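Here is the structure we will look at, set down as structure tokens.
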Amino acid sequence: MSKLVTGDGRTHIESPLMRESLVDRRVLATTDSDHERAILPDVVLVSVGGQSIFDRGRAALVPLAEEIAAARAASKVKMIIGVGGGTRVRHTISVALDLGLPTGGMAQLVGAMEECNAIFLNTLLAQHGSITMPRDHFWELPLYLDSGILPIVISVPPYHFWEPPPEEGPLPTHGSDFGLFIHAEVLGMRKMIFVKDEDGLYDKDPKKHAGAVPYRTIALEDLLRELPDETILDRTLFQAWKNARHVQEIQIINGLVSGQLTAALAGEEVGTTIFKMRAGE
């Protein structure tokens, strides 16, 4: 039975944290643990880009959906599919800015745009056992996976009107890539695959710079030392990953190239692979 401690005008439950501020740096340091429980450690989260894949229409999305279905049937890898909103998100934010909506209001609207893409992909994959997962069904994910169902989730974090204020300007800081990263981290996943329209991560935008150099395998620490100004993933993702406990590997592949997703799910080196730790650590 818990022991109650009194004497300072308050009643505490005896514990290492009693009378402590939970934002005190010393308390944070002493409570750090490598033993946090991973809920879905063997599940891979596959992010399908909105602007890079969905906005290209049938030519890009249908072959990718067929590859997802085939890879899922051929391998034992359990996966969750996440979708971005694409150009409709940018159009929506433009209208929201014109109306003077707060940052959190924009984040809420963006999520609605992504739900549309989730429905598109679910329609293509329905015959293979997919289902769109509403945000309030978060804890049903293990049941879906154990039942052989392929869950499709949206990617913008569900902050709604409580989106944290951005450091610069009114645009929501936490975009689709960051949202899916947090999704994977909270569920204890070890690996994520981002399906984009480029052959991985480059030192600069290859669409704008002919001499852009690709990264093939790199440690997060090394990448953060000289993080490119133009990145294919949200910059906030890399910053948050420094303090993450579960996600150990992120792979960025080209969804317009047939077979790359299948290879990535099989553990092959395609695109760019970023590791939380260097080899041997």
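A few comments on the model shown:
- For LEU227, the conditions (1) more than 27 Å from GLU167 (Cβ to Cβ); (2) free of Cβ contacts under 8 Å to residues at least 12 places away in the same chain; (3) among the hydrophobic types (A, V, I, L, M, F, W, C) are fulfilled apart from (1).
- Apart from one condition, PRO172 fits all of (1) free of Cβ contacts under 8 Å to residues at least 24 places away in the same chain; (2) in a loop (DSSP other than H, G, I, E, B); the exception is (1).
- The set of residues in the stretch 32-64 that are touching a Ser or Thr at 6+ places or on another chain (Cβ under 9 Å) and surrounded by fewer than 21 Cβ atoms within 10 Å (Cβ to Cβ) comprises GLN51, ASP55, ALA60, PRO63.
- Those strands (runs of 3 or more DSSP E) of the stretch 39-147 in which at least 1 residues are more than 20 Å from LEU171 (Cβ to Cβ) and free of Cβ contacts under 8 Å to residues at least 40 places away in the same chain, considering only elements entirely within it, cover 130-132.
- All told, ALA29 meets the bar of being in a helix (DSSP H, G or I) and either in contact with a Ser or Thr (Cβ under 6 Å, 6 or more places away or on another chain) or of a type in the set (A, V, I, L, M) (or both).
- Count of the stretch 64-94 residues which are of a type outside the set (D, E, K, R) and modelled with pLDDT under 90: 12
- All positions within the stretch 165-194 that are modelled with pLDDT under 80 and at positive phi: GLY169
- The stretch 27-41 - residue that is charged (D, E, K, R) and modelled with pLDDT under 75 and, of those, farthest from GLY188 (Cα to Cα): ASP32
- Checking each residue in the stretch 219-246 for being farther than 16 Å from PHE194 by Cβ, part of a helix (DSSP H, G or I) and either of a type in the set (D, E, K, R) or over 15 Å from the mean Cα position of the chain (by Cα) (or both) picks out GLU221, ASP222, LEU224, ARG225.
- Index of the failed condition, VAL153 passing every other in (1) in a helix (DSSP H, G or I); (2) of a type in the set (A, V, I, L, M, F, W, C); (3) at pLDDT 85 or above; (4) in contact with a helix residue (DSSP H, G or I) (Cβ under 7 Å, 6 or more places away or on another chain): (1)
- Beta carbons closer than 8 Å, at least 6 apart along the sequence or on distinct chains, pair a first residue in the stretch 265-276 that is aromatic (Phe, Trp, Tyr) with a second that is buried (at least 18 other Cβ atoms within 10 Å of the Cβ) and part of a helix (DSSP H, G or I) for PHE275/LEU220.
- A residue that is hydroxyl-bearing (Ser, Thr, Tyr) and under 19 Å from GLY49 (Cα atoms) cannot be found anywhere in the stretch 211-218.
The values are calculated or read from the model by the stated rules, or taken from the named source; none is laboratory data. Because the structure is predicted, anything quoted here is derived from the model rather than measured. For neighbour counting, all protein chains shown are included, and Cβ atoms are generated from backbone atoms with ideal geometry for every residue, glycine included.
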